[in-house]
Structures are given as C-alpha cells and as structure tokens.
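The values are calculated or read from the model by the stated rules, or taken from the named source; none is laboratory data. Bear in mind the structure is a predicted one, so any value in this text is a computation, not a measurement. Note that we place each Cβ from the backbone using ideal geometry, even for glycine, and neighbour counts take in every protein chain shown.
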Amino acid sequence: MAYDRFLDELAHSGCLALGYRVTGPEPLPRLCVKHLRGADRVIVAFPTPRTAWILLVGPHDDDPGRDLYETLYELAGVRPKLSEKRTKPPCCEDAAPPIADADLVDDLVARARALAKSRRRSP
C-alpha cells in the first residue's frame, strides 16, 4: 500500500516525491531515497528529469545481510567513510533531480541482477 502510494506520487511529482539524496562518494549523491513505512526505503535514480528508475526497495536494517544501504554500497562499489558526516540533502534542486546517466543506471541494474542471481544460488 505505501509503495503504491509512492508510485502514484512519483508519477505525479517526480523528484519531489523523494526525501533526500544519499551522501558519500560518487555515484551515491546521484541517488535519492524515500521512507515508505517503518524501516522500508526505496532508492531511485533519474537518468533524465522525467524518467525514474527504482533501483532497490527494502528495509534499513541492523542486519548487514538485509540492509538496503549495505546492498546499495555493494552495487555501487563504494562506501561512505565512517568519519564522513552523513547529511540528507533534498533530492531535488530547483525542482530538478540529480541526474544519474543511463550508463550508471544500466551498470547498477546489471549488478543488482547479478547479485540477486548469486544470492538465489546460495544455500
């Protein structure tokens, strides 16, 4: 239900439907987050101002094997430094999203598919 409401809001409001950008090294600041309900989050990339790709949906969890952000860092091949102050800048700047070019989005999607496939094979 919360996800369906989010999809409607995303379709109507674009990046204004998202809460904040991820902080850390590139490409993390090109990705936006929305809190859905409880610990559930969604991470979105915008290859164009009018196109959104939903990259990950899942919990922000203390268990690293289930944590959405840990999965994101694995997919992106980067991790924020522990000493780096985490901020939550708005997703939109002047009503425009941070652009994650199509090559970046394609790479993240390919890595997500490979990771999902490898996890299905694991006992």
request  = Name the residue, out of Ala95, Ala17, that is touching a Leu at 6+ places or on another chain (Cβ under 9 Å), at pLDDT below 95 and of a type in the set (Gly, Ala, Ser).
outcome  = Ala95
inquiry  = For the range 44-78, which positions are farther than 18 Å from Tyr3 by Cβ and in a strand (DSSP E or B)?
reply    = Phe46, Pro47, Thr48, Thr51
message = Suppose the filter is within 15 Å of the chain's Cα centre (by Cα), in a loop (DSSP other than H, G, I, E, B) and not aliphatic (A, V, I, L, M); does Lys81 pass it?
response = no
inquiry  = Of everything in the range 84-96, what is surrounded by 11 or more Cβ atoms within 10 Å (Cβ to Cβ) and touching a Ser or Thr at 6+ places or on another chain (Cβ under 9 Å)? Give them in sequence order.
reply    = Glu84, Lys88, Pro89
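Scanning the range 86-103 for residues that are in a loop (DSSP other than H, G, I, E, B) and either without any contact (Cβ under 8 Å) to a residue 12 or more places away in the chain or small (Gly, Ala, Ser) (or both), which turns out nearest to Pro29 (Cα to Cα)?
Ala100
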inquiry  = Residue pairs, Cβ under 7 Å, 6 or more apart or interchain, first in the range 21-32 and in contact (Cβ under 8 Å) with a residue 12 or more places away in the chain and part of a loop (DSSP other than H, G, I, E, B), second surrounded by fewer than 20 Cβ atoms within 10 Å (Cβ to Cβ) and of a type in the set (S, T, N, Q). List them.
reply    = Thr23/Thr87
message = Among the numbered criteria (1) β-branched (Val, Ile, Thr); (2) without any contact (Cβ under 8 Å) to a residue 24 or more places away in the chain; (3) crowded, with 16+ Cβ neighbours inside 10 Å, which one does Thr51 miss?
response = (3)
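Could you please give the count of residues in the range 2-16 that are in contact with a helix residue (DSSP H, G or I) (Cβ under 7 Å, 6 or more places away or on another chain) and either in contact (Cβ under 8 Å) with a residue 40 or more places away in the chain or not in a helix (DSSP H, G or I) (or both)?
Within the range 2-16, residues that are in contact with a helix residue (DSSP H, G or I) (Cβ under 7 Å, 6 or more places away or on another chain) and either in contact (Cβ under 8 Å) with a residue 40 or more places away in the chain or not in a helix (DSSP H, G or I) (or both) number 1.
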task = Name, by its number, the condition in (1) touching a Phe, Trp or Tyr at 6+ places or on another chain (Cβ under 7 Å); (2) under 17 Å from Lys34 (Cβ atoms) that does not hold for Glu93.
result = (1)
